[in-house]
Amino acid sequence: MVSLPEQAERLSIYTGEKDMHEGRPLHEVIVELARKHGLAGATVTRGVSGFGANSRVHTIKVLRLSEDLPLLIQIIDTPERIAAFLPLIDTIIKEGLVTREPVQVLFYRHKDGRKTP
């Protein structure tokens, strides 16, 4: 089981639902890579509205349900593990925004309530 120090980092990757890598949804590829490389965890959140570098607004509307909605992939781990992961995703992200920021970890527990070592 991966343990996290109190001071860690959050990697945030902003993409869209239609973003792909080698025929697969980009967010799925990133989550699988994070797991394969032993990162503490990854979460993908679907946005209801947003725009990026091209200034095209993507939104949920009655007539356009799910037309390339924004996705946010967040990964929290040690600064060293995040730094080692960045070159991997740099090669597969063709469009989007990636940020990195410090976070304070208050809890990181397994479903049985045990704290990680």
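Quick note: the coordinates plus some simple rules give every number you see, no bench work behind them. A quick note: this is a predicted structure, and the numbers were derived from the prediction, not measured. Here the Cβ positions follow ideal geometry from the backbone for every residue, glycine too, while neighbour counts run over all protein chains shown.
Positive end of the dipole of the range 13-104 (Cβ unit charges, origin at the Cα centre): among Ile30, Ala40, Leu72, the Cα lying farthest that way belongs to Leu72. Taking the average, over residues, of other Cβ atoms within 10 Å as the packing measure, peptides 93-106, 69-82, 29-42 rank 69-82, 29-42, 93-106 from highest down.
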